[in-house]
Each structure stands twice: as structure tokens, then as C-alpha cells.
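I have placed the structure first, in the form of C-alpha cells, so that the comments after it can refer back to it.
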């Protein structure tokens, strides 16, 4: 059975690179009906923090990457010591006292040899171990080094394929020598290409290396982010880009991953997110929108009209790049007083529209059935009566009601604002003699 692992360190948040590695491991296990193992590499007790562990686990769950087993390296120190003792007894390692401090380090003797691997993505790679110095297995403080703990765990956890970023290629020969020395069977290796920033160079905080939790807070939906991560090194073929994860599982093979570096294009991610938001269940969008609205003070999360929120999301969702856009664009439906850009007000409301606004407000007031169709009829009749073009009133009314020049259809906006709020907001631009 195929068994793969993702092994994050809880010394920082889960970022784009790590989440793509987790995704490809999870996908390969799903495609091969295997197991996806999560191993927390928390041997660095000083830098490992619970807040990072929580963020990593929450982010993986949000992305839908469910693990079958979970292990913590901090609970396995006795196991690493057992295998370092084995190498000491066999003369394959030696101890060394540090110049300062207490305790002894255990050092692995590197024997000169040519090491070849057939990487599942890159093909044959050859290493010369004579260029590698003796390797520390156990540090003087008793903690295992990365390469040693990694080999022991991968072997004991029966990991069949090690799929990781190509920044680990230099670790591969060091680990292979340890596999050989301990008599463990070698797994298959696959090294994923780098992810580069669109501006060039490796990812950085400034160039998209943002935590998954931050993408979530910015209003990206998990399915869109997963779909986008898929495209960073793999393609479903046929010039397709939007693909359901269940279909991707059927098509995915690690051997088809590109050898060249992928480029993180946030504009492409925005496009992808819009594609998913347009077709998302508004109830799911509401789950993301509620904490954002609450943070702004627009709703009380324990006491608000959920159906009203879902209706508004339906109204806006085809135009949204992220859920966060909804918070900015739909604010007029949640605040008492609309904030208006003075320049927009000057452009659309500088002329006196008291008569037009007053006539429209009266027509709306008289509507017994206040629905979208009747609101539109009232508006069209007014336009005809006044002998003006629709646009001469549509834009000023929209700005008076929402403070914005673009948005959903005006008649939908009026319907969801309601008769009273519409009348009140129009009234602010009606001189008293017209009221």
C-alpha cells in the first residue's frame, strides 16, 4: 500500500509551498488508495509553538487534506536513541564531546560512494558522498537531527514515497546513506519544483509567501485555493484549469508533475477564486462572511438575519473576487449612514435632484407589493413621465443609496434596502420644499 507523509515543523505557519507539498502527497495517496500520514517535526523545543501547530492543523483541515495517522517527533526521542546506539555498536558512528557544554553528540561516519536515485519527477540524479562530511545524528542536548529522525520515522512508518520540495535534494544522499546503514528499504523519491514569485525570485512575505490562514481571512475559498495549488506544477490537460478535486484524484500521477519551477500569480488566483465563488453555495460563503462582518461591527454573530445575509450574498457573489470584497461592497446594507466619497458625490449629486428623488420616493411609498418587478415598474413610469434617460437617474439614486457607482442591479438594491431605508437615504438629498 502507498503511504506518504507531510512533515511540517510547528515553528511557523503553513504557507503556499508547504500546502502544495501536502496537497500533492494527499492527492497521490488518494489516487493510489493509500494512506496520508501527518508527522509533526517538533524536535526544536525552543522554537516549536502550539499556536503554529494549531494553525497548521486548522489550515490542512480547511483545505480538505485529511490525514489518516498523526505522529509527533517530540514523543519519539527514545526511538531515535535506540537506532543511534545500534549504529554506534556496529562501528558506523562515533561520539564526540562538544567544546563547551555537556553531553555527547553521535556522529555518523560517511563512507565515499556514488549514490544514484531515480527521482519520480526529475529522473536519475547522482551524488558523490565524498563531498559530504560526517553527519550528526544526535546532538549533544539529546535531540535528533532532521535527517536522522526523518529516516528513522519514514522507515518505521512504512513510508513508500517521499514527496517533498526540491530544496531537500541535498538531504537525499545523506538520508540514503542512513537507510543503507540501518538496513532499511529505500522509499521512492519525488522532488517538487520550486514556486517562484511572479516578479521573479523565490517567494517571500512580500511576494505571496502568505500563510494559508491569511488567505482564508482575505476571503479566498478553500476549493479555489486547492485548485490553484494543483496548477502549480501539474495540469489536468486539455487546457483546463478549473477542475473538481474528485476528478483531479482520478487523473493525478506524480510522474506528470512539471520539472520546471512554478510561478505564483495572485491575479490568476483571484480569477480562480471568482470562478468558485460564482458557483458556491451562499450558505458556505456566509460561514466565511459572518466573522468578517462581525469584526467590522456590521452584525452581531449571535443575533442576525441569516436568510437576509444569504440573499445579499446571492446578489453579489458573481461579482466577488474574494469574500472580503462582499464586506466592502455590501456595507450599505449593514450601516445606518452611508460613507460617500466627496468626489463621487460631486459628480453624481451636485445638481438638485429633489423633485426627481421626491417623486420616486412617493411612488415607492405607494407600492403595496414592494418587490423587484414593481420597483422597476415605478422607476420606468417615472422616467417616462419626466422624459429623461434612465441613466440620468439610475446613477445618482445608486450613489445616494449606497455611496458607490457600481454594484448589483438598482432595483435589487432598493428591494434589499427596503422601503424605509431607501426613502430615508433619498430624503437626505431632497430639499424641504420638495419633501
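The values are calculated or read from the model by the stated rules, or taken from the named source; none is laboratory data. As the structure is a computational prediction, the values presented were derived from the model and not from experiment. Neighbour counts run over all protein chains shown; Cβ positions are idealised from the backbone, glycine included.
In table form, for the structure just shown:
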{"item": "Which listed residue, of 66, 51, 45, is in the same structural domain as residue 229 (by TED's automatic domain parsing), more than 21 Å from residue 160 (Cα to Cα) and in contact with a helix residue (DSSP H, G or I) (Cβ under 9 Å, 6 or more places away or on another chain)", "result": "45"}
{"item": "Qualifying positions in segment 215-236 - within 12 Å of residue 23 (Cα to Cα) and either in contact with a strand residue (DSSP E or B) (Cβ under 6 Å, 6 or more places away or on another chain) or assigned to a loop (DSSP other than H, G, I, E, B) (or both)", "result": "232, 233, 234"}
{"item": "Test: residue in segment 136-147 that is touching a helix residue (DSSP H, G or I) at 6+ places or on another chain (Cβ under 9 Å), surrounded by fewer than 17 Cβ atoms within 10 Å (Cβ to Cβ) and either at positive phi or free of Cβ contacts under 8 Å to residues at least 24 places away in the same chain (or both)", "result": "yes"}
{"item": "Test: residue 326 is touching a residue at least 60 places away in the same chain (Cβ under 8 Å), under 23 Å from the mean Cα position of the chain (by Cα) and farther than 13 Å from residue 220 by Cβ", "result": "no"}
{"item": "Candidate set from segment 204-214 (those that are part of a loop (DSSP other than H, G, I, E, B) and surrounded by 18 or more Cβ atoms within 10 Å (Cβ to Cβ)); member that is modelled with the lowest pLDDT", "result": "208"}
{"item": "Of residues in segment 46-61 being in contact (Cβ under 8 Å) with a residue 40 or more places away in the chain and crowded, with 18+ Cβ neighbours inside 10 Å, the one nearest to residue 22 (Cα to Cα)", "result": "60"}
{"item": "Test: residue 310 is in contact with a helix residue (DSSP H, G or I) (Cβ under 9 Å, 6 or more places away or on another chain) and not assigned by TED's automatic domain parsing to the domain that holds residue 30", "result": "yes"}
{"item": "Members of segment 50-85 that are assigned to a helix (DSSP H, G or I) and within 18 Å of residue 29 (Cα to Cα)", "result": "60, 61, 63"}
{"item": "Matching option when the condition is surrounded by fewer than 12 Cβ atoms within 10 Å (Cβ to Cβ) and either over 26 Å from residue 280 (Cβ atoms) or in contact (Cβ under 8 Å) with a residue 24 or more places away in the chain (or both), among 356, 389, 412, 376", "result": "389"}
{"item": "Which listed residue is farther than 25 Å from residue 296 by Cβ and in contact with a helix residue (DSSP H, G or I) (Cβ under 8 Å, 6 or more places away or on another chain), from 389, 412, 368, 346", "result": "389"}
{"item": "Filter result for the condition that a residue is more than 26 Å from residue 406 (Cβ to Cβ), in a helix (DSSP H, G or I) and assigned by TED's automatic domain parsing to the domain that holds residue 219, over 246, 258, 239", "result": "246"}
{"item": "Verdict on residue 199 being more than 16 Å from residue 28 (Cβ to Cβ) and in a helix (DSSP H, G or I)", "result": "no"}
{"item": "Some residue of segment 98-105 being part of a strand (DSSP E or B), touching a residue at least 12 places away in the same chain (Cβ under 8 Å), on the phi < 0 side of the Ramachandran plot and touching a helix residue (DSSP H, G or I) at 6+ places or on another chain (Cβ under 7 Å)", "result": "no"}
{"item": "Residue 288 part of a helix (DSSP H, G or I) and either over 24 Å from the mean Cα position of the chain (by Cα) or modelled with pLDDT under 95 (or both)", "result": "yes"}
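The rows are residues; the columns are (1) in a helix (DSSP H, G or I); (2) in contact with a strand residue (DSSP E or B) (Cβ under 8 Å, 6 or more places away or on another chain); (3) surrounded by fewer than 19 Cβ atoms within 10 Å (Cβ to Cβ); (4) in contact (Cβ under 8 Å) with a residue 24 or more places away in the chain.
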{"position": "190", "(1), (2), (3), (4)": "no, yes, no, yes"}
{"position": "250", "(1), (2), (3), (4)": "yes, no, yes, yes"}
{"position": "268", "(1), (2), (3), (4)": "yes, no, yes, yes"}
{"position": "273", "(1), (2), (3), (4)": "yes, no, no, yes"}
